[in-house]
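Where a number appears in this text, it was derived from the coordinates with a stated rule and is not lab data. Since we're looking at a predicted model, the values are computed, not measured. Using ideal geometry, Cβ is built from the backbone for each residue, glycine included, and neighbour counts are taken over all protein chains shown.
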Amino acid sequence: MTMSRIPRVVIIGAGISGIAAAITLQRNGFHDFVILEKGSDVGGVWHWNHYPGLTCDVPSQLYQFGFAPKPDWSQVFAPGPEIQRYLADVVDQFGLRPHLRVDTEVVTAEFTGTGWRVGTDDGDSYDADFVIAATGVLHHPAWPDIAGLDEFTGDILHTARWDDTIPTAGRRIAVIGTGSTGVQAVSALQPHARQVTHFVRSPQWVIWAPMRLSQPAFLSTVLDRLPALNRALYQAGMLGAKAFTDVVTRPSWRRRLVQQYARLSLRAQISDPRLRAELTPDYEPLCKRQVLSGSYYRALRAPNTELVTTGIDAITATGIRTIDGRHHDVEMIVFATGFRAHDYMRPMKLTGRDGISIDETWAEGPHAYRMTAIPGFPNLFTVLGPNSPTGSIPLHHAAEVSARYITAWIQRWSTGEFDAVEVTDTAAERFGTEVVQALGPTVWNTGCNSWYITENGKIDLLPFDRRTMETMLSHPDDDDFHLNRSSR
């Protein structure tokens, strides 16, 4: 490939997506890029989250980059701090630190007509030919609107902004939230707390899994000495992931089997009929992000744990009052209430062609052509943007595939084929229609309220299998884009 010009690229975010984008650019000969990260270190969600019990719900051998395998995971399901260290090690291994600016939040990004000007909270600005938004979906904590929150005199923590200096042992703790985070927090806090009260508005299906199972030391040694075997294990895992994608996207005996296992996990671990009834959801297993745990139901059976399914009326100075008038005395409130998953690049002021804002473009909800391109925003691409497969395909792989697709456009720009590339409205709308139609038979569309659903009621997921995703991002399709040359 002969390059007639060198592209300047700004990557926003240093999580899985940003790291994949940076390394893909680098491996294709592009080195004039900067990674702007609002946190104090890399890792994205794994930097911001470090609450007690944090564990990945994807097997470790799948939760890694194909180009940077890690043979020596400590557990079959890796703890959060180990994942953050892995991502930091990858950044160091590929020499990305000189390109990285931490504690640097992007507040503005404006298309100037010939490129992009990106502004940060410290007053600096960066001129770029391309912007890659790798901001992810899980970085804006969601705080529930509960009356009296300001009156509470104890400690208040959100799992996404945990303070390690605040003690938890021997205290009366309320946990609000029922997803993976709430389940993990209750399981981790219960053994040392005086009392844990788990407030559950809508129970989750919790599948039993050996979340704390160690990876055998001999296996780590063998995989380290035999990289080919490590790659083979990764590929075997990808086949397993393919089966899971089939389970959630198409009704079949496989889906029914997994759903039966979810119901069995509850029946086998909770014998009390009243408690089991309170823990039984009113929707199909897998409709929400599936929760895995080998300790949650055991923690709920402990004498120092109480499940409260009555709605919360208000928070008081010394606890939580439920709508039945009962007051629950607590010294600490933990919000495991997740994220505003569909904000993506917001709240930055993102302005595209002819002054259009991202808020105007996404007035009816976030959308992007094949997860990567937005009409009205030339030379801007997203990695793991709207309709990404966060519920069905390993994210590292999806990020790698998206990054290769984006890099293909940048390669063509570098040879002078065009100055600005922008997806057409027609192509973006066609993709949106294809997604909606394909979502019909998925398990996410069986009737539940999950964080996969936007405020406009749309399911923000990719309903296709891995091969389809790889095909749609295998090469740029000129018919779906405007390719413009400027007069500069």
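What list do you get for ASP324, ASP425 if you sort them by fewest beta carbons within 10 Å?
ASP324, ASP425
Which angle from 0 to 90°, rounded to the nearest 10, does the C-alpha axis of helix 395-414 make with the longest principal axis of the chain?
Between helix and principal axis, roughly 20 degrees.
When DSSP assigns beta bridges and you keep just the ones with both residues in the chain, what percent turn out antiparallel, to the nearest 5?
Values: 26 of 62 bridges.
Counting only bridges with both partners in the chain, antiparallel ones make up about 40 percent.
What's the longest bit of the chain with no exposed GluC sites (Glu not before Pro), using DSSP loop states and at most 16 other Cβ atoms within 10 Å as the test?
On the way: sites that count: GLU105, GLU364, GLU417, GLU455.
Result for the longest clean stretch: 106-363.
Place +1 on the Cβ of every Lys and Arg and -1 on the Cβ of every Asp and Glu in region 267-335, take the dipole about the Cα centre, and give the residue among PRO281, THR310, VAL330 whose Cα lies farthest towards its positive end.
PRO281
For region 380-391, take each phi angle, set θ = phi - 60°, evaluate the Karplus expression 6.51 cos²θ - 1.76 cosθ + 1.60, and give the result in whole Hz per residue in order, putting x for glycine and proline.
10, 10, 10, 10, 6, x, x, 6, 6, x, 5, x
Given the peptides 56-62, 87-93, arrange them by the average over their residues of other C-beta atoms within 10 Å, most packed first. Before the final figure, lay out each step's value.
Working: 56-62: 19.9, 87-93: 17.6.
Per-residue mean Cβ counts within 10 Å order the peptides as 56-62, 87-93.
About the Cα centre, and with charges only on the beta carbon of Lys, Arg (+1) and Asp, Glu (-1), how big is the dipole of region 257-319? Nearest 20 debye, please. Mind dumping the intermediate values first?
Values: 8 positive and 6 negative charges, 62 e Å.
It works out to roughly 300 debye.
Counting only DSSP beta bridges with both residues in region 1-153, what percent are antiparallel, rounded to the nearest 5? It would help to have the intermediate numbers written out before the result.
Numbers: 10 of 20 bridges.
Once the DSSP bridges in region 1-153 are tallied, antiparallel ones form about 50 percent.
Mind sorting LYS349, LYS288, LYS38 by how few other Cβ atoms lie within 10 Å of their own Cβ, fewest first? Spell out each step's value before the answer.
Values: LYS349 15, LYS288 24, LYS38 21.
The order, fewest Cβ neighbours first, is LYS349, LYS38, LYS288.
Output the Cα-based Rg and Dmax of region 341-440 in Å, rounding Rg to one decimal and Dmax to a whole number.
Expressed in Å, the Cα Rg and Dmax of region 341-440 come to 13.9, 42.
Please provide three numbers in whole Å: the alpha-carbon extents of region 223-316 along the principal axes, with the largest listed first.
Principal axes ranked by extent give 57, 35, 29 Å for the Cα atoms.
So what's the projected area for the chain, the Cα convex hull averaged over all directions, in nm²?
If you wrap the Cα atoms of the chain in a convex hull and average its projections, you get 24.0 nm².
Treat every Asp and Glu Cβ in region 403-468 as -1 and every Lys and Arg Cβ as +1, leave all other atoms uncharged, and give the resulting dipole magnitude about the Cα centre to the nearest 20 debye. Mind dumping the intermediate values first?
Working: 6 positive and 9 negative charges, 72 e Å.
Result for region 403-468 is approximately 340 debye, rounded to the nearest 20.
Could you please report the charge total around THR168, scoring K, R as +1 and D, E as -1 over all other residues with beta-carbon less than 12 angstrom from its beta-carbon?
Working: positive: ARG171, ARG172, ARG194; negative: ASP155, ASP163, ASP164, GLU331.
Residues close to THR168 contribute a combined charge of -1.
Just report the Cα centroid separation between region 27-102 and region 262-278, whole Å.
Cα centroid to Cα centroid, the span is 37 Å.
Relative to the Cα centre, what is the charge dipole magnitude of the chain, using +1 at the beta carbon of each Lys and Arg, -1 at the beta carbon of each Asp and Glu, and rounding to the nearest 20 debye? The partial results should precede the final answer.
On the way: 45 positive and 53 negative charges, 383 e Å.
Dipole about the Cα centre, nearest 20: 1840 debye.
Quick one: if you take sqrt(5λ) for each eigenvalue of the C-alpha gyration tensor of region 3-144, what semi-axes come out, biggest first, whole angstrom?
Equivalent ellipsoid semi-axes, largest first: 28, 19, 11 Å.
Let me have the 222 nm mean residue ellipticity of the chain computed from DSSP H runs of 4+ only, each contributing -39500 (n - 2.57), with the sum over all residues rounded to the nearest 500. Kindly include the intermediate steps, with their values, before the conclusion.
On the way: 13 runs with 147 residues, N = 488.
Result for the chain: -9000 deg cm²/dmol, rounded to the nearest 500.
Whole-Hz ³J(HN,Hα) for each residue in region 246-260, computed from phi via Karplus 6.51 cos²θ - 1.76 cosθ + 1.60 with θ = phi - 60°, x for glycine and proline: what do you get?
5, 4, 7, 9, 9, x, 6, 5, 5, 5, 4, 5, 5, 5, 5
What percent of all Cα-Cα pairs in region 157-284 falls in each 5 Å bin, counting up from 0?
Each 5 Å bin holds this share of Cα pairs: 2, 8, 12, 15, 15, 14, 14, 12, 7, 2, 0.
Along the three principal axes, how long is region 376-435 when you take its alpha carbons, biggest first, rounded to the nearest angstrom?
Principal extents (Cα only, largest first): 38, 26, 14 Å.
Restricting to bridges with both residues inside region 183-338, how much of the DSSP beta-bridge set is antiparallel, in percent to the nearest 5? Can you show the working numbers first?
Values: 6 of 13 bridges.
Just about 45 percent of them are antiparallel.
Whole-Hz ³J(HN,Hα) for each residue in region 29-39, computed from phi via Karplus 6.51 cos²θ - 1.76 cosθ + 1.60 with θ = phi - 60°, x for glycine and proline: what do you get?
With the stated coefficients, region 29-39 comes to x, 9, 10, 8, 9, 10, 10, 9, 10, 6, x Hz.
Cα centroids of region 286-341 and region 397-427: how far apart, whole angstrom?
45
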